[in-house]
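Following: one structure in structure tokens, then a few remarks.
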Amino acid sequence: MAEQAVEVAEQTWVDVLEAVDKTYAEMVGYQEQLEARNVELMQLRAFLSSIMASISDFLVVTGRDCRITDASASFCAAVGADIDSLIGRDIGAFIVDAHRAHLLATIEQTFSFKRGATVEADLATVDGADPVEFKIAPRLDRRRRVSGVVLTGRTLGEVRRAFSRLEQSHEELKQAQGQLVRNEKLASLGRLLAGVAHELNNPISFVYANTHALEKYLDRFETYFERVEGGAPRQELVELRQELKLERNLRNLRTAIEGARDGSERVRSIVEDLRRLSADGTGETIGFDLTETAGIAANWVRRGTKPDLKVTFTGEAACAAHGRPGHIQQVVMNLVQNAVDALAGQAGGSIVLDLSYEGAFAVLRVCDNGPGIPDHLKTTIFDPFFTTKQVGEGTGLGLSISYKIAEEHGGSLTLVPSQQGGACFRLALPKGERA
Ligand SMILES: Nc1ncnc2c1ncn2[C@@H]1O[C@H](COP(=O)(O)OP(=O)(O)O)[C@@H](O)[C@H]1O
Ligand SMILES: [Mg+2]
């Protein structure tokens, strides 16, 4: 009996000890798991705080009671409080009075509908009220119950400042562009003036040479008439006439006067051209002869270029168009100048200006037999500032300005296939009343 009782007691001890062992092993296991969890949690916390510290947008997390549980450093800085003093405070406390109710109501809606919303409200920052666009998202727990909200936002002030900076640089860019357009105009004016100076020089030196000759003849006639008045005998006068070559001088006199008149005529017509060129630069649109305008423009560009360059006019001898001839002259000068530039250094260069009517349009084609324009540049050449010329030789604005002028006229400027092998531009303008 007694032996049996001892056996039972021993067995109980063994059981108890086993149970203690097992429990201890389990506890060690739990401890290890707990430590691992703890490390994970710490990492997660560090990760979250690094986000909170570095995010430039505002990020505020609240509980169901709208009290702050966490906030980004950017938000803390904006409202001028550290994170510890913010935690537990109502988000509404940081919104200006006028907007508070609206923000809180929107948060309430987020709770009820479990759906995000956006609301603009002034944040009471250290620098005063600053408008912020808040995005409010519901925060759901594991059982998909709303446990609070996450607010993100950025001060609109910053966005507005960025916008105004953008607007300012846009303005500066526009001014710079305007300046370049003016430069292009000055450059074409420069080219024109060089042409004018060159062109005026010829007739003026012609007139000058002729007046010089006239002076010489005058001297001789004066000498002769002095002798006549001095009562010189007839024989002496006959000899003097021969000596002074008066008969021939008389004929030359006429030629010299005609020459001087031709020269001044030429000067007059140059001035007339220039007057037409500068007139109606901005004024009203009028009916004008496109052939004549193109002729004047082409002539101006041609001056100062090599004489072996052939410029031919074909088609309508008079082509009625409607617009501002001053502007159109500028367009044609651009087109012809480009053709001249393209033909530089090429023998047998030829430019054809063809005039025709096409439907409601008066059309001018300016074609050359130069190298033409490669396919991949066919649209690019109309871009402002696109040029293949050296700095100082081209601004790249000629075609873009011309394009704009054509459009302003209700017409068009396009690059069209060429029969001569080179480039061919087509300028279409509203047809004018035919004369
Ligand atoms: N007739 C042409 N033949 C060949 N290339 C041309 C012709 N006309 C224009 N181009 C090309 O188009 C570019 C742009 O012309 P444009 O806008 O007038 O500016 P720019 O003459 O100042 O370069 C030129 O640099 C040239 O490469
Ligand atoms: Mg040009």
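Within region 97-156, restricting attention to residues that are of a type in the set (A, V, I, L, M) and not in a strand (DSSP E or B), which residue is farthest from CYS76 (Cα to Cα)?
Filtering region 97-156 down to residues of a type in the set (A, V, I, L, M) leaves 98, 101, 103-105, 107, 117, 119, 121, 123-124, 126, 129, 132, 136-137, 140, 146, 149-151, 156.
Narrowing the set further to residues that are not in a strand (DSSP E or B) leaves 98, 101, 103-105, 107, 126, 156.
Numbers: ALA98: 22, ALA101: 22, LEU103: 19, LEU104: 20, ALA105: 23, ILE107: 20, VAL126: 10, LEU156: 17 Å.
Checking each candidate, the answer is ALA105.
What residue, among those in region 320-333 that are modelled with pLDDT of 90 or more and within 16 Å of ligand 2 (Cβ to nearest atom), is farthest from CYS424 (Cα to Cα)? Only one residue tops the list, namely ILE328. Given (1) within 25 Å of HIS322 (Cβ to Cβ); (2) within 9 Å of ligand 1 (Cβ to nearest atom), where does ALA423 come up short, assuming only one miss? Unmet condition: (1). Close Cβ contacts (under 8 Å, 6 or more residues apart or on different chains) running from residues in region 397-412 that are near ligand 1 (Cβ under 9 Å from one of its atoms) to residues that are acidic (Asp, Glu) comprise LEU397/GLU184; GLY398/GLU184; SER400/ASP383; ILE401/GLU184.
Residue-wise test of (1) closer than 15 Å to LEU151 by Cβ; (2) outside any loop (DSSP other than H, G, I, E, B); (3) not hydroxyl-bearing (Ser, Thr, Tyr).
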| site | (1), (2), (3) |
| --- | --- |
| MET42 | no, yes, yes |
| PHE47 | no, yes, yes |
| THR62 | yes, yes, no |
| THR69 | yes, yes, no |
| PHE75 | yes, yes, yes |
| ALA78 | yes, yes, yes |
| ASP84 | no, yes, yes |
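Selection over region 352-373 of residues that are more than 9 Å from ligand 1 (Cβ to nearest atom) and not basic (Lys, Arg) gives a count of 14.
Here region 364-407 is the region considered, the condition is being polar (S, T, N, Q) and over 23 Å from GLN329 (Cβ atoms), and the residue that is farthest from ligand 2 (Cβ to nearest atom) is ASN369.
The values are calculated or read from the model by the stated rules, or taken from the named source; none is laboratory data. Remember, predicted model here, so these are calculated numbers, not experimental data. Reconstructed Cβ throughout: ideal geometry from the backbone, glycine too, with neighbour counts over all protein chains shown.
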